[in-house]
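Everything below concerns the one structure shown next.
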Amino acid sequence: VYTVAFKYILGSKVEGFVFFLLLGILPWGFFVGSTNMATRSITDSPDLIKSVRFPRAVLPIATVLFNFAQYGLTIVVFLPLMLVAQGVPLAAPMLLYPVFLGLQVLFTVGVAFVLAAGTVFFRDVRHLLEVALPILFWVTPIVYPLSQVPSPWRPLILLSPLSSYIVAYQQIFYYRQWPDAEVWIIAIVYGFGALLVGMRFFLAL
């Protein structure tokens with residue numbers, strides 16, 4: 001569908017643009033699915049929480065793992081297919097994919113903790129999330145490369161929560177190069193920082 005839309009209807013001249021696009025859309029979908037489900041993970045399970053003694057942190061973590069499993073099944077099909085279809089040779093930087101994927105999972109779990117706990121006190125969190133996600137999508141370099149962003153704005157775009165992970169995937173697979181130092185730093189800080197903040201916030205319930 002993306003190939004027909006962007007290549008034949010919109011006439012995109014960027015080589016392998018669909019491959020570039022899906023490298024961002026698929027992890028974005030994993031994040032969106034996890035966060036949307038996380039807002040309901042506690043409030044929609046009152047009977048379970050009251051009747052069974054278990055760590056409540058399992059609920060938001062489970063939403064992330066569920067969406068991660070779906071993303072993983074998609075990647076198992078998508079990456080080999082696109083690499084063959086686009087004639088992309090294997091490169092050493094691709095070995096870093098599990099590292100950045102792990103960091104994105106940590107980041108997503110941290111955000112899920114915050115959203116799950118926040119919704120307990122403010123039920124409008126899920127509605128605010130519905131407004132925030134489309135804005136976040138367009139300030140994340142998914143449908144455009146970071147290199148096309150004007151230089152003064154580039155650092156701000158890279159600081160968008162999902163940007164460092166998506167840019168890393170693009171650099172690893174599309175450009176077949178080692179991720180930039182700033183991408184490493186932001187991805188690590190966001191991953192572990194979100195997890196620590198999320199855990200402290202959730203355990204304060």
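The values are calculated or read from the model by the stated rules, or taken from the named source; none is laboratory data. Please read these numbers as outputs of a predicted model, since none were measured by experiment. Cβ coordinates were reconstructed from backbone atoms using ideal geometry, including for glycine residues, and neighbour counts include every protein chain displayed. Please note that ligands, DNA and RNA were not included when accessible areas were found on the heavy atoms of the full protein model with its side chains. Shrake-Rupley method; radii C 1.70, N 1.55, O 1.52, S 1.80 Å.
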Three-way shape call for the range 98-159 based on the alpha-carbon gyration tensor, with the a/c threshold at 1.5 = oblate
Solvent-accessible area per residue for the chain (1.4 angstrom probe, square angstrom) = 54
Could you tell me which of Thr39, Gln86, Phe19 has its Cα farthest along the dipole of the range 1-135 towards the positive end, charges placed at Cβ (Lys, Arg +1; Asp, Glu -1), taken about the Cα centre?
-> Thr39
Return the distance in nm (one decimal) between the two label points of a simple spin-label model at Val84 and Ile185, each offset 7 Å from Cα along Cα→Cβ.
-> 4.1
Taking trypsin sites (Lys or Arg not before Pro) in a DSSP loop with at most 15 other Cβ atoms within 10 angstrom as exposed, one finds the longest site-free stretch of the chain at 54-122
What is the packing order of peptides 139-149, 23-33, taking the mean over residues of other C-beta atoms within 10 Å and listing the highest first?
-> 23-33, 139-149
What shape does the range 38-161 have by the C-alpha gyration tensor, where a ≥ b ≥ c are the square roots of the eigenvalues, rounded means a/c under 1.5, and otherwise prolate means a/b greater than b/c and oblate the rest?
-> oblate
Could you give the length gained on full extension between Ala5 and Ala62, defined as 0.36 nm per residue of separation minus the Cα-Cα distance, in nm?
-> 17.0 nm
Starting from the Cα-Cα distance between Gln177 and Ser147, subtract it from 0.36 nm times their residue separation and give me the gain in nm to one decimal.
-> 9.4 nm
